[in-house]
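Written out below as structure tokens is the structure these notes cover.
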Amino acid sequence: MSISLLQSLFGQKAWANTELFDVLATVTAEAERHTAIRTLNHIYVVDRIFRAHLLGESHGYDATNTPATPTLAELRAAVQETDAWYRQYVQSLSQAALAETVVFRFTDGDGGTMSREEMLMHVITHGAYHRGNVGQVLKNIAVAPPRDLLTKYLHVTQPQRRVS
């Protein structure tokens, strides 16, 4: 996979997160809002775990979610910081670094190995999967979720790509 494709995917991830947080800020149904925040917090925690793996650091998590639920504003700020980190990190990588294998521990204590490229793709696909879960929660309360599509992101950020 190319660095430029990863840059696009992490740009789209950050954009999609912003769009979703904007919609969630309008939701008043407390149970559904709580479910959505818990799901987004899970994405955030996994992003942070894999960030630590990529850096060869301890992440300090013993599960893939936290016992306490952050506020939407707190989580949004944390997600924005983490999204910015991933965008900068991908920009700093070489093709050779993408192929490097990283040894790490999962939160259940089992060991694992993945290439940096595999880890980054996991972060992308994991986040997209769970943003889709949040989209379904929104649909269930008659709130239209944002369109979380790479094509839309590319056309929003590079309108010249939209041809008639």
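The values are calculated or read from the model by the stated rules, or taken from the named source; none is laboratory data. None of the values given here were measured: they were computed from a predicted structure. When we count neighbours, we look across all protein chains shown, and the Cβ atoms used for this are built from the backbone with ideal geometry, even at glycine. These area figures cover heavy atoms from the full protein model, side chains too; ligands, DNA and RNA do not enter into them. Shrake-Rupley method; radii C 1.70, N 1.55, O 1.52, S 1.80 Å.
Name the single residue, out of those in segment 118-131 being in contact with a Phe, Trp or Tyr (Cβ under 7 Å, 6 or more places away or on another chain) and open to solvent by less than 10 Å² (accessible area, probe 1.4 Å), that is nearest to Tyr44 (Cα to Cα).
Among residues in segment 118-131 that are in contact with a Phe, Trp or Tyr (Cβ under 7 Å, 6 or more places away or on another chain) and open to solvent by less than 10 Å² (accessible area, probe 1.4 Å), the one nearest to Tyr44 (Cα to Cα) is Val123.
Under 6 Å between Cβ atoms, which residue pairs at least 6 apart in sequence (or on different chains) link something in segment 36-62 that is over 30 Å from Lys139 (Cβ atoms) with a partner that is in a loop (DSSP other than H, G, I, E, B) and not hydroxyl-bearing (Ser, Thr, Tyr)?
Ala52/His59
In this structure, is Glu100 farther than 22 Å from Gln12 by Cα, open to solvent by 20 Å² or more (accessible area, probe 1.4 Å), touching a helix residue (DSSP H, G or I) at 6+ places or on another chain (Cβ under 7 Å) and free of Cβ contacts under 8 Å to residues at least 40 places away in the same chain?
yes
Which ranges mark the helices (runs of 4 or more DSSP H) fully within segment 1-93 that have 3 or more residues being open to solvent by less than 30 Å² (accessible area, probe 1.4 Å) and of a type in the set (Val, Ile, Thr)?
Counting at least 3 such residues, we get 30-55, 72-92.
Any idea which residue in segment 103-113 is least open to solvent (accessible area, probe 1.4 Å), counting only those that are touching a strand residue (DSSP E or B) at 6+ places or on another chain (Cβ under 7 Å) and among the β-branched types (Val, Ile, Thr)?
Thr113
Looking only at segment 118-152, count every residue that is over 15 Å from the mean Cα position of the chain (by Cα), in a helix (DSSP H, G or I) and either touching a residue at least 60 places away in the same chain (Cβ under 8 Å) or closer than 30 Å to Glu100 by Cβ (or both) and tell me the total.
The total comes to 3.
Taking Val134 as meeting all but one of (1) open to solvent by 20 Å² or more (accessible area, probe 1.4 Å); (2) at pLDDT 95 or above, write down the number of the exception.
(1)
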